[in-house]
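**Q** Just passing along the structure, written as structure tokens.
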């Protein structure tokens, strides 16, 4: 019995050493090679294409951001230039309006002066005509008075002569 117990113990020790938790036989390097091959295969098949796509995407995003910022700066420059041009055009328009108003005022003033001269001339002509008509009327009246006084005088003389 002791022999049988001993042989059982030896068998159990021999079985434990063969199939233990860490076995340092040919399977450990084989597993390490498998893991390394899997890493290389995954790197070639999966990680490099994905990282390449991600890098391309990052580069595309950076490129689009720089283009967008350049376009934004161009738009801001164009807006500033437009505002400057608009302000200049407004100033020019205001000066044109002011000069047109000044010209219109000068024209109106000249027309008023001309109208005043014309009315003064009309008034002097009317006064001259009235004076000449007055003189003609006075002359005609004088002649009538003279003829009437001559007739009265002749009648008086003829009455005196008849009496």
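The values are calculated or read from the model by the stated rules, or taken from the named source; none is laboratory data. This is a predicted model, so every value here is computed, not measured. No Cβ is skipped: glycine too gets one built from the backbone with ideal geometry, and neighbour counts run over all protein chains shown.
**Q** Only one residue in 129, 160 is out of contact with any strand residue (DSSP E or B) (no Cβ under 7 Å at 6 or more places or on another chain) and surrounded by fewer than 10 Cβ atoms within 10 Å (Cβ to Cβ), so which one is that?
**A** The unique qualifying residue is 160.
**Q** Restricting the first residue to the stretch 112-138 and requiring it to be on the phi > 0 side of the Ramachandran plot and at pLDDT below 95, which pairs with a second residue that is surrounded by 10 or more Cβ atoms within 10 Å (Cβ to Cβ) and outside any helix (DSSP H, G or I) meet a Cβ separation below 8 Å and a spacing of at least six or different chains?
**A** Short answer, once both residue conditions are applied: none.
**Q** Just one of 48, 63 is surrounded by 10 or more Cβ atoms within 10 Å (Cβ to Cβ) and modelled with pLDDT under 95; which is it?
**A** 48
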